[in-house]
Amino acid sequence: MSIISHNLFIEALNAYIDPIKPVDKAIITHAHADHAKPYHNRVLATKDTINIMKIRYGENCAKKFQVIEYGKKININGISITLYPAGHILGSAQILLEDKKNKVLITGDYKTIRDDTAQCFELIKTETLITEATFGLPIFKHPEPEEEIEKLLNSLKVFTNKCHIVGAYALGKAQRVISLLRKKGYDDIIYLHGAVEKITNYYLQRGIKLGKLKKVTKDDVNDLKGKIVIAPPSALKDKWVRKFPDVRYCLASGWMIIKQRVKQSKIELPLVISDHADWNELTSTILNSKAKKIWLTHGRTDALEYWCKKNNINAKALYLKRND
Ligand SMILES: [Zn+2]
Ligand SMILES: [Zn+2]
């Protein structure tokens, strides 16, 4: 019998991983809304994940919280749990479960490339690997994020009168885009939508350097020529955006790799910046983990399942109810 079931329930602990409904005990990989839900009885997660959940859902979003530090093994009912950095966003974790017979690693959302706003991904050897597969097709090869940021900087030089509104998820992507801009030497003030500011303040408090930032208000509207405003992608569609004159619409997302998606949107400058592993990262992580058994969740599982079988690795897709 496995230590964990197909719906990511660990019977010996009476705990679910990233449950989408309130449960007694939840082990949470990271604070993105499709993984971290409010109103569980008990939440076990990294300090950052718990803090961000509290910022988003309120101090009392669970009855009890238990912080698990990266790399520190804890034992409950004969099962040990260890969290390792997943490189996806600040506080994101892979979960390693071990008992006498089993060793199972759940990656959660992850990426292996460098990101100065998240703890660096750690490769863990395991017997069973439960991996995400968001970009699980060979066509998904993410470009260098630095090259994508260069496109934004070039656009600022060409469209000097336009306010560049960059859609980026408020948690993780927004801060990463800012950090990448700073790394490229962009030192002008960066304006933030209110929803982005809240989470960004937490990143600042955690010592992540993001330069000069300002929450954008109505009073700023006339000063935004040639400036950057970071906003959640949803804000690009609602009336919030209409108060800005002469906008250039930009969006930072791994999905911008799909040309059709760009065409169907009003995005003028797509920036392919992803916080998920691409095909090469997924397949090399599978190989390097030395896992004999792979369970695929969360995304494009077919091609990856086929690839595993071709490489003599036992693989199957789990169909969890979830949307990303
Ligand atoms: Zn995520
Ligand atoms: Zn996710």
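Could you tell me which of the residues Val216, Val272, Val247 is in contact (Cβ under 8 Å) with a residue 40 or more places away in the chain and farther than 19 Å from Lys111 by Cβ?
Just one listed residue meets the conditions, Val247.
Lys316 fails exactly one of the following numbered conditions: (1) part of a loop (DSSP other than H, G, I, E, B); (2) more than 16 Å from ligand 2 (Cβ to nearest atom). What is the number of that condition?
Result: Lys316 passes all but (1).
Given the criteria in contact with a His (Cβ under 8 Å, 6 or more places away or on another chain) and over 21 Å from His142 (Cβ atoms), does Val229 qualify?
In short, yes.
So which residues in the range 281-313 are loosely packed, with under 15 Cβ neighbours inside 10 Å and either assigned by TED's automatic domain parsing to the domain that holds Gly167 or out of contact with any strand residue (DSSP E or B) (no Cβ under 7 Å at 6 or more places or on another chain) (or both), if there are any at all?
If the condition is that a residue be loosely packed, with under 15 Cβ neighbours inside 10 Å and either assigned by TED's automatic domain parsing to the domain that holds Gly167 or out of contact with any strand residue (DSSP E or B) (no Cβ under 7 Å at 6 or more places or on another chain) (or both), then Ser284, Leu287, Asn288, Lys290, Asp302, Tyr306, Lys310, Asn311, Asn312 are the ones that fit.
Within the range 287-302, can you find the residues that are under 23 Å from Asn7 (Cβ atoms) and either outside any loop (DSSP other than H, G, I, E, B) or of a type in the set (Asp, Glu) (or both)?
Lys293, Ile294, Trp295, Leu296, Thr297, His298, Gly299, Asp302
How many of the residues making up the range 1-52 are touching a helix residue (DSSP H, G or I) at 6+ places or on another chain (Cβ under 9 Å), within 15 Å of ligand 2 (Cβ to nearest atom) and charged (D, E, K, R)?
Selection size over the range 1-52: 1.
Yes/no per residue for (1) within 16 Å of ligand 1 (Cβ to nearest atom); (2) within 19 Å of Lys151 (Cα to Cα); (3) not aromatic (Phe, Trp, Tyr):
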position: Trp255; (1), (2), (3): yes, yes, no
position: Lys263; (1), (2), (3): no, yes, yes
position: Ile267; (1), (2), (3): no, yes, yes
position: Ser274; (1), (2), (3): yes, yes, yes
position: Glu305; (1), (2), (3): no, no, yes
position: Asn312; (1), (2), (3): no, no, yes
position: Leu318; (1), (2), (3): no, no, yes
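Considering only the range 26-36, how many residues are within 15 Å of the chain's Cα centre (by Cα) and either more than 15 Å from ligand 1 (Cβ to nearest atom) or more than 21 Å from Glu69 (Cβ to Cβ) (or both)?
2
Pick from Thr134, Thr126, Thr107: which is more than 15 Å from ligand 2 (Cβ to nearest atom) and hydroxyl-bearing (Ser, Thr, Tyr)?
Values: Thr134 fails: more than 15 Å from ligand 2 (Cβ to nearest atom); Thr107 fails: more than 15 Å from ligand 2 (Cβ to nearest atom).
After applying the criteria, what remains is Thr126.
Would the range 283-301 turn up any residue that is within 16 Å of ligand 2 (Cβ to nearest atom) and among the basic types (Lys, Arg)?
yes
Among the numbered criteria (1) surrounded by fewer than 16 Cβ atoms within 10 Å (Cβ to Cβ); (2) within 16 Å of ligand 1 (Cβ to nearest atom), which one does Lys47 miss?
(2)
May I ask you to say which residue of Val229, Val247 is among the aliphatic types (A, V, I, L, M), over 20 Å from the mean Cα position of the chain (by Cα) and surrounded by fewer than 21 Cβ atoms within 10 Å (Cβ to Cβ)?
Selected residue: Val247, the only one of Val229, Val247 that is among the aliphatic types (A, V, I, L, M), over 20 Å from the mean Cα position of the chain (by Cα) and surrounded by fewer than 21 Cβ atoms within 10 Å (Cβ to Cβ).
State whether one or more residues within the range 100-111 are in contact with a Lys or Arg (Cβ under 8 Å, 6 or more places away or on another chain), more than 16 Å from ligand 1 (Cβ to nearest atom) and farther than 28 Å from Leu181 by Cα.
no
Here's the yes/no breakdown for (1) small (Gly, Ala, Ser); (2) within 16 Å of ligand 1 (Cβ to nearest atom):
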position: Thr160; (1), (2): no, no
position: His164; (1), (2): no, no
position: Gln175; (1), (2): no, yes
position: Leu180; (1), (2): no, no
position: Asp188; (1), (2): no, no
position: Gly194; (1), (2): yes, no
position: Tyr203; (1), (2): no, yes
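Counting only residues that are more than 23 Å from Ile20 (Cβ to Cβ), over 24 Å from the mean Cα position of the chain (by Cα) and not assigned by TED's automatic domain parsing to the domain that holds Ile294, give me the strands (runs of 3 or more DSSP E) lying completely in the range 53-112 with at least 1 of them.
Hits in the range 53-112: none.
The values are calculated or read from the model by the stated rules, or taken from the named source; none is laboratory data. Here the structure is a predicted model, which is why all the values come from computation and not from measurement. Virtual Cβ from ideal backbone geometry, glycine too; neighbours counted across all protein chains shown.
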